[in-house]
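*Asks:* A single structure is presented below for examination.
The values are calculated or read from the model by the stated rules, or taken from the named source; none is laboratory data. This is a predicted model, so every value here is computed, not measured. Neighbour counts are summed over all protein chains in view; Cβ atoms, including those assigned to glycine, are modelled from backbone coordinates with ideal geometry.
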Amino acid sequence: MRRVIALALAMAMCANLCACSRKNNGDGDAADVHDPYAEYEDYNDRCQAIYDGALGEFYTAYEKAKAADQVAMRYALMAIAEAKLLASAVILPLNASGGNYAISRLAPYTVPTVQWGNDNQRFHGALVTTSPITAAHREEMKAQWYALKGTGTYKSWAADYLQEKGYTLKNSYTIHYSSDPQTWDVLATSKSADADAIVNTYDGLYAYDCEGQLRSALATGNKKTENNDGTVSYTFYLRSGATWVDSQGRQVAAVKADDFVAGMQHLLDAKAGLEYLVAGHSEEESLIVNAYAYSSGSLTDFSQVGVKAVDDTTLVYTLTKDVPYFMTMLGYSVFAPMSREYYTAQGGKFGAEYDTTAPGYAYGKGPDKIASCGPYVVANSTAENTIVFKENPAYWNKENVNIKTFTWSYSDGKDALKGYQDTMSGAVDGANLNVSSIEKAKADGTFQRLAFVGLSEAVTSMVFYNLNRQATKNFNDQTGAASPKTARQQQRALVAMYNVHFRRAISYAADRSAYNAQSKGEDLKTTALRNSFTPGDFVMLPEAVTVQIGESAVTYEAGTPYGRIMQDQLEADGVDMVVWDETAQGGNGASDGFDGWNSPEAAVRELEIAIRELEQQGMRISPEEPIYLDIPYFSGADHYTNRVNAYKQSVEKALGGAVKINPVACADMNTVYYSGYYIGYGYEANFDLYDLSGWGPDYGDPQTYLDTFLPQYAGYLTKMLGLF
C-alpha cells in the first residue's frame, strides 16, 4: 500500500513537472517538434514505451539469461545481454574506481580486497604506518600478496616486512570524506555514502579478508540442504558471546539469530532500494521464499518468509532455488543483523505499523540511535566536519582490531591541493592525487618516491543519457541547476535522445581520455578507463558452453572471460565499440586501460543516420539548428570545470557543432547530487547528461550489474535514464 501511495504522489508531481517543462519561453511553440511518445498520457505507460524502444533487446536477452540453469550458460547469456545494453548507448562507461596516483600510509592489501558488497570498507584490521609507504616497497608487497593469496599469512608477513624496512605501525587511520550519511540505518539505505560509514559498526555472518577469502564472522559454520520441494536451505550456526552495545559502549543485548530475522523484515519494510536483492521483482524472481510476497504486500505474516531463528544460535534462510552466488551476498548490508530489542526501544515497529514519521521513532536518525555489534561505535559525528569511530569495548574479535580510532575528516573538494597537503602534514593518512597535486608533489620532490597507481576496482562510473527529461530545475528546491535552454530546445533534445544513433554519436564523439586527464593527469588518463558496465574479467566461464552469437553457434571454452563474449556479440551486431582487448594486461585481456569508444569517424556516421531518421519526424539538426544538451557540474573546483569543458570540446568538435553541450554550473556538490545522484524517480532527473554516478557490485555475479537497468521501478539506475 505504501508503494502505491508513493507512486500516486509521484505521478501527481510528475504531471506538474511535465506542465512546467513544456511552457513556451518565448521562442516559439515547443509543440512544433513532434514527440513520438506524446500519445502516452500516463507516466508509467510513457516510460515503458520509451524503455521498450531503447532497451527492449537488452531486456529480452537478460530475461533469457536469468532463466538459464547452467552457470556457464547464464554468464554467457548475460554477456550477450550486456552487449545489447551497451549497443543501446543509454550509458557511456567512464572509469573504474581507483587507478589514480596516490600517496598513503595504508599498507597495500591489508583491507578486504573483494570487489562487491561492503567488506572493502572495513578498515579495523588494516596496517597503517606513521610515514607514507614508498612506491618501491608497495611493489614488493604487491608481489608477495599474489604469492601468499589464499594462505592467510599475508598480513603477518606485511607487518614484519614494514617493520624491517623501518616503518612504525600505528593504531589510528584518518581519511577524507565528501558526503555525510543521510541515515545511520544500514537496512534503510541504498547509498554508499551511508553504508560505507555504517558497515564499521556491525558484523555479518561472514566477511571477506584481505586475501579475498570468505571467512567466518558472526557465524562459525553453515550447512546447505536441497529440499524436496526444490527450495534450498542454508543453516548458519552463530558464535556465542557477541553482544550489541549503544553509542557509549554499554551492552544492550546479546547477538541472537533472531536479530538477522529482524534485520530482514526491516529491510523489506523500509523498501530503500536494495530489497530487490532478496525479494526480486516478482514471485518467480524472489531469492528468499515469500520475500517478494511480503515486500509487495500480498503477504503480511512475516513468519512465512524464508528466514527463521531455530534458537538463539541457529539461523535458517530458505531460498526459492539453488543460487550459486548466495554466499557471496553475505558481506553486503542486505544481510546485516539488527538488534530487535534496541530497535523497538527506539520506537521501531514492523509490518503495517512500520512508520519512520511516527512520534517516538528514532532508530537510525543519528549515530547515537543505532546499536553496534562490530568493531566500532561512533564517538562523534559533526556534519561536514568529522566522524570518529572508536573501538567497541565489547567487540567479540578485539584481538584483530589494529585500528583503534578510525576518523573521517570532511573535505568539500574545492581545494585541489588539500588531499595532498593534508597527507604530507599527517592530518589524513592518504589521498588520491589530481593534476594540481601531482604537479605540487613533483615540485616538492615527493612524487617519484611516494606516488603509486592505485588498483582499478569494480565500481563503474558512467555518463547517463536522459531519455525522458521532465525537470529543468532540481526537485529539492526548484532552483538548483536551472537549465538555460528554451522550451523548444528542451523538446528538440528530448526527441533527439530517443534516437539510438544520436546517442551513439555523442558516445563516440566524447574523448574520455581528455576528460580523465583533467583530474588524473596525462600519465593516467587511460589507466582506469572502462569500456563496459560489468568489468570484462568479473567472471570466467566455469565450463565450456555453446551460445548463439549473431548468425553463428559459438563454443566458448572453460575460463573464457565475460568480456570476450560481450565483444563478439557487439561485432556480430555491427556496433563500433571495443569493450574487450585480448592483448591487454600482458595478454590476459581486459575491458580497462584503453579507449574503445572514441571515434570521430564513427560519431559522424552515426550522426548522419540520426539526422536522416529525425528529419523524417520533421526535425532538422545542423550547426545552425543544433541540439543543446545540459550537463551539471561542480564549478567550485578547477578539475571539475576542466573535465566538463574537455567533454564539451570533444563532442562539439567531432560533431561539427550540430550538438552543443551546456555545462550547468553548480556552486556546491549537493546541487550537482540533487540534479541526479539523489533523485528517487526518473521525472526528477534534471539533466540531459550526467557524469557523477555509477554502480558497484553487490555480489559475485553479473546480475548484480544488469539488474539495475530493469523497467517498472525494479532497476535502481533506470531512473538515471529519466524513466520510472
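*Asks:* Suppose we filter region 555-568 for residues that are surrounded by 15 or more Cβ atoms within 10 Å (Cβ to Cβ) and either part of a loop (DSSP other than H, G, I, E, B) or of a type in the set (Asp, Glu) (or both); how many remain?
*Replies:* 2
*Asks:* Out of the residues in region 406-423 that are modelled with pLDDT of 95 or more and either among the small types (Gly, Ala, Ser) or touching a Pro at 6+ places or on another chain (Cβ under 8 Å) (or both), state the one that is nearest to SER104 (Cα to Cα). If you could, list the steps in order and put the result at the bottom.
*Replies:* Keep residues of region 406-423 that are modelled with pLDDT of 95 or more, which gives 406-411, 417-423.
Those still in the list that are either among the small types (Gly, Ala, Ser) or touching a Pro at 6+ places or on another chain (Cβ under 8 Å) (or both) too: 409, 411, 419, 423.
Numbers: SER409: 15, SER411: 17, GLY419: 11, THR423: 7 Å.
Result: THR423.
*Asks:* Would region 316-330 turn up any residue that is crowded, with 17+ Cβ neighbours inside 10 Å and within 13 Å of ASP258 (Cβ to Cβ)?
*Replies:* For region 316-330, residues crowded, with 17+ Cβ neighbours inside 10 Å and within 13 Å of ASP258 (Cβ to Cβ): present.
*Asks:* For region 520-554, which positions are surrounded by fewer than 19 Cβ atoms within 10 Å (Cβ to Cβ), of a type outside the set (Asp, Glu) and assigned to a loop (DSSP other than H, G, I, E, B)?
*Replies:* Across region 520-554, the qualifying residues are THR526, PRO542, ALA544, GLY550.
*Asks:* Looking only at residues that are acidic (Asp, Glu) and surrounded by fewer than 17 Cβ atoms within 10 Å (Cβ to Cβ) in region 224-259, which one is nearest to GLU399 (Cα to Cα)?
*Replies:* We begin by selecting, within region 224-259, every residue acidic (Asp, Glu); these are 226, 229, 246, 258-259.
Within this subset, residues satisfying the condition of being surrounded by fewer than 17 Cβ atoms within 10 Å (Cβ to Cβ) are 226, 229.
Working: GLU226: 37, ASP229: 44 Å.
Per the stated criteria, the residue is GLU226.
*Asks:* Then there's this: If you take the residues of region 569-595 that are touching a strand residue (DSSP E or B) at 6+ places or on another chain (Cβ under 7 Å) and surrounded by fewer than 21 Cβ atoms within 10 Å (Cβ to Cβ), which of them is farthest from THR527 (Cα to Cα)?
*Replies:* Across region 569-595, the extreme among qualifying residues is ALA572.
*Asks:* Filter region 616-657 down to the residues that are of a type in the set (A, V, I, L, M), in contact (Cβ under 8 Å) with a residue 60 or more places away in the chain and closer than 21 Å to ASN598 by Cα and list them by number.
*Replies:* Scanning region 616-657 gives ILE627, LEU629, ILE631, ALA646, VAL651, ALA654, LEU655.
*Asks:* So SER425 passes all but one of these: (1) farther than 23 Å from ALA126 by Cβ; (2) surrounded by fewer than 17 Cβ atoms within 10 Å (Cβ to Cβ). Which condition number does it fail?
*Replies:* (1)
To keep it simple, each residue is scored yes or no on (1) assigned to a loop (DSSP other than H, G, I, E, B); (2) over 18 Å from SER461 (Cα atoms).
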| residue | (1), (2) |
| --- | --- |
| LYS653 | no, yes |
| LYS660 | no, yes |
| VAL664 | no, yes |
| THR671 | no, yes |
| TYR678 | yes, no |
| LEU692 | no, no |
| ASP701 | yes, yes |
| THR704 | no, no |
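*Asks:* Right, here's the next one. Take region 586-608 and flag every residue that is over 15 Å from GLY656 (Cα atoms) and in contact (Cβ under 8 Å) with a residue 24 or more places away in the chain. Break it down into steps so the answer makes sense when it comes.
*Replies:* Restricting attention to region 586-608, the residues satisfying the condition of being over 15 Å from GLY656 (Cα atoms) are 586-598.
Once the filter is applied, which keeps residues that are over 15 Å from GLY656 (Cα atoms) and in contact (Cβ under 8 Å) with a residue 24 or more places away in the chain, region 586-608 yields ASN588, GLY589, ALA590, SER591, ASP592, GLY593, PHE594, ASP595, GLY596, TRP597, ASN598.
*Asks:* Of all residues being crowded, with 20+ Cβ neighbours inside 10 Å and hydroxyl-bearing (Ser, Thr, Tyr) in region 40-58, which is nearest to LEU77 (Cα to Cα)? Just the residue, please.
*Replies:* TYR51
*Asks:* It is to be established whether one or more residues within region 591-606 are assigned by TED's automatic domain parsing to the domain that holds MET78, farther than 21 Å from LEU92 by Cα and of a type in the set (A, V, I, L, M).
*Replies:* No, there is no match, as no residue in region 591-606 is assigned by TED's automatic domain parsing to the domain that holds MET78, farther than 21 Å from LEU92 by Cα and of a type in the set (A, V, I, L, M).
*Asks:* Can you pull out every residue in region 165-200 that is closer than 21 Å to ARG105 by Cβ, of a type outside the set (S, T, N, Q) and part of a loop (DSSP other than H, G, I, E, B)?
*Replies:* Within region 165-200, LYS165, GLY166, TYR167 qualify.
*Asks:* Another one. Would you tally the residues in region 637-651 being modelled with pLDDT of 95 or more and either of a type in the set (Gly, Ala, Ser) or more than 21 Å from LEU692 (Cβ to Cβ) (or both)?
*Replies:* So the answer is 2.
*Asks:* Assess whether ALA49 counts as being touching a Leu at 6+ places or on another chain (Cβ under 9 Å), at pLDDT 95 or above and part of a helix (DSSP H, G or I).
*Replies:* So ALA49 does not fit the description; no.
*Asks:* Have a look at SER650, SER675, SER622 and point out the one that is surrounded by fewer than 20 Cβ atoms within 10 Å (Cβ to Cβ) and small (Gly, Ala, Ser).
*Replies:* SER622
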